[in-house]
Amino acid sequence: MMSPSKKLLLLCLAVLAVLFLLQFVMPSYFVLTLTRIMIFAIFAMGYNLLMGYTGLLSLGHAMFFAVGLYASGLASYYWGLPLFWSFLFGIAASAAASTLIAFLALKTQTVAFMIVTLMFSQVAYLSILQFSHVTGGDQGLTLPPESRSFGFLGMTLDMTSEATRYNIAFVVFAAVLLLTYAVTKGPFGRLLIAVRENESRTEMLGFNTYVIKLVAFVLSGTISGVAGALNGLIFGYIGSSSADFGNSIEPLLFTLVGGAGTLLGPLVGTALMTLLIDRLSGFTTAYLIVIGIILIVMTLWLPKGILGTVRDRWAKWLN
Amino acid sequence: MDLAPFLLLAALEGLVQASVLTLTALGLSIVFGVMRVVNVAHGEFFMLGAVGAYVCASLLPGPAWLTFAGALVMAPLCVGALAILADWAMLKRINYNPEATIVSTIGLMYILQQMTLITFGPNAQAVNPPFSYTIRTPWFGYSSYKLFIVLVTIVIVIALWQLLRKSRIGLLMRATQYDKDTAQNFGIPVARVYSGVFAVGAMLAAIAGVLIVPIRQADYLMGHDPLLLSFVVVIVGGIGSIPGTIAAAILIGMSDGLLSVMLSPTLAKIASTLLVALVLVFKPEGLFGKSARQ
């Protein structure tokens, strides 16, 4: 009999193996879709760490995604920083931004927390529009050809190649998935869940819940920034829509659909919703209506999401 | 133009802004006060009021003032009915859980917005004011319709105040707000109070929407700014306090005009949003609010 967490680890590794092999059998347009799915699944996994495991519902995660995107993109655009260093710079910037916002936002709770995160994110979005001479405003910026490739360990990696993009996204996705596995299955993960289930009891047991929430927030914001930096550098475009309200709702939607507080839920939710939205936006501009309906259906009848329901019914180890 | 008439004009414009904002924010405020839920779709009720005014103006026969009066009655009633439906179909079923309510009203926001886009189209539509008499001052002509907006707002605010403070319905609402469970035990139909409050909140936003159309056109995305501004007003005014909400709406409506004159509109929005976020972080009871009940 295997231990539950070993079972889950094996499942994660199997999922990663399937994702790696898919690129050899799928047509190229689908490889592109899968690249996007993996990037947004990273975003959703970061979001899930805060919302699903710690129970803090943020309505402003687009701001961390955008900080990662803009910090890495602008560093490459203006300073000509090599892509690898731009990527690290983007991650560092989103870590700094999420630390600052965490200090402020964690003074509030529940509804006020949601509104405060929403407002800070709105400030970030408006600032991008305001300083359009640097950021390109709502037109955005397209990265120049020389920052579309980089040398790494003696190889030259070309970001316009489908296969390179896919495998870079895959490597980062795998790293984040295994990191979240390690975090949520370790002692710190149990503390996150303890805060979600009963914060005052956790405090009573002698844990500093503020520090726990702070670390969770920073980790979550930084992972969102990783997704943003990856998105900007892989596709060579940075635009203000990355910071708007809709982009804060997407990780929430993906996490809710897949199952908040499950390790693979964000991937399942992102994959399903991305495929659905792509299909729908082909024949209507009003595809957001489907997002609306799904948000309501999820809260009414399936508050635990797909994997959350599967876990409760059949597979207790699928956390 | 000299400074004095310029300031007068700015003050009048600010007063019109403040009036519309007062109605929208009061709707959000009583819903939050009584039901303890944040309605993210509130801006869409405002938008539906505006679109309803356009639909009435283009479908109903008769002179402009008559169709406008029709819109002022029918649009809020339709929006109120929609709100009761939303309360019954969604909010009641999730037991008014604050976080689930926010998620599901975000869903409702998208649905209402996109339904309007499908049926009404993406273009902004104008509606003629019900009357176009211009008041002459020595320096500038001023539309009497804008003063009519201020007048209607004052009447509605007084009526709402009477309803809340003097009537039996208001008593039931206040009892529910004070302690829902005890109210239920004393035989107050809390479920009906909730659905009524949600409807009244939506209707206030719809009235504001109808009033604004003749000076601002209707489009399916217009609910966004009133929603954010109403949040700002409700937070600054102190959550759940009606006089605070009114005072904050006047303050913000008046200063929004001035701020936009001094700073660029985007910079003004950045400043006010940041300010409110910081108020919520450091002084959560609001600038005018009393601290929580001991």
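Data overview
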item	result
Directionally averaged shadow of the protein assembly as shown, computed from the convex hull of its alpha-carbon atoms, nm²	31.9
Amide proton proximity set for A:TYR237, modelled H, under 5 Å, gap of 5+	A:LEU143
Derived scalar couplings ³J(HN,Hα) [the stretch A:119-128; Karplus, 6.51 cos²θ - 1.76 cosθ + 1.60; whole Hz; x for Gly, Pro]	6, 4, 5, 5, 4, 4, 4, 5, 5, 4
Cα long-axis angle, helix B:190-216 against chain B (0 to 90 degrees, to the nearest 10)	10
Estimated distance in nm for a label pair at A:LEU300 and A:SER200, the labels positioned 7 Å out from Cα along Cα-to-Cβ	3.4
Degrees between helix B:144-166 axis and first principal axis of chain B (Cα, 0 to 90, nearest 10)	20
Eligible aspartates and glutamates near A:LYS185 by straight Cα distance, threshold 20 Å, same-chain separation 8 or greater	A:GLU197, A:GLU199, A:ASP312
Sequence-distant residues sharing a close amide H with A:GLY140 (under 5 Å, placed H)	A:SER240
Likely footprinting exposure, B:TYR142, A:TYR47, fewest C-beta neighbours within 10 Å first	B:TYR142, A:TYR47
At q = 0.13, 0.19, 0.23 Å⁻¹, base-10 log of I(q)/I(0) for the stretch A:239-285 (Debye sum, equal scatterers on each alpha carbon)	-0.33, -0.66, -0.85
Principal axis dimensions, the stretch A:82-175 - Cα atoms, whole angstrom, descending	49, 34, 20
Burial order of peptide ranges B:85-95, B:153-163, A:216-226 (average beta-carbon count within 10 Å, highest first)	A:216-226, B:85-95, B:153-163
Relative contact order (percent, whole number), chain A, Cα cutoff 8 Å, 6+ residue spacing	32
Span from the the stretch B:181-259 Cα centroid across to the the stretch A:95-111 one, whole angstrom	27
Helix-only CD estimate at 222 nm, as mean residue ellipticity for chain A, using -39500 (n - 2.57) per DSSP H run (n ≥ 4)	-24000 deg cm²/dmol
Fewest-first sequence of A:SER281, B:SER195 by Cβ atoms within 10 Å of each Cβ	A:SER281, B:SER195
Pairwise Cα inverse-distance average, inverted: Kirkwood Rh of the stretch B:22-223 (Å)	17.8
Rounded to 10°, Cα long-axis angle of helix B:42-59 versus longest principal axis of chain B	50
Residue-averaged 222 nm ellipticity for chain B, from DSSP H runs of 4+ at -39500 (n - 2.57), nearest 500	-25500 deg cm²/dmol
Angstrom value of the Kirkwood radius, inverse mean 1/r, which spans all Cα pairs in chain A	19.9
For B:266-279, mean number of other protein chain Cβ atoms within 10 Å	5
For the stretch B:171-181, 3J(HN,Hα) per residue [Karplus equation, 6.51 cos²θ - 1.76 cosθ + 1.60, θ = phi - 60°, Hz, x = Gly/Pro]	4, 4, 5, 5, 4, 5, 5, 5, 7, 4, 5
Proxy reagent accessibility, fewest Cβ within 10 Å first, across A:SER149, A:SER121, B:SER167, B:SER272	B:SER167, A:SER149, B:SER272, A:SER121
Other-chain or far-sequence residues with amide H under 5 Å of A:SER149's (modelled H)	A:MET159
Which listed pairs, of B:LYS92/B:LYS146; A:LYS316/B:LYS180; B:LYS180/B:LYS269; A:LYS107/A:LYS304; B:LYS146/B:LYS269, have C-alpha distances above 30 Å, in listed order	B:LYS92/B:LYS146; A:LYS316/B:LYS180; B:LYS180/B:LYS269
In order through the stretch A:236-251: 3J(HN,Hα) via Karplus (6.51 cos²θ - 1.76 cosθ + 1.60), integer Hz, x for Gly, Pro	x, 9, 10, x, 5, 5, 5, 9, 7, 4, x, 6, 7, 6, 4, x
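Every number here is computed from the coordinates shown, using simple stated rules; none is lab data. Remember, predicted model here, so these are calculated numbers, not experimental data. Positions of Cβ are generated from backbone atoms using ideal geometry, with glycine treated the same way; all protein chains shown enter the neighbour counts.
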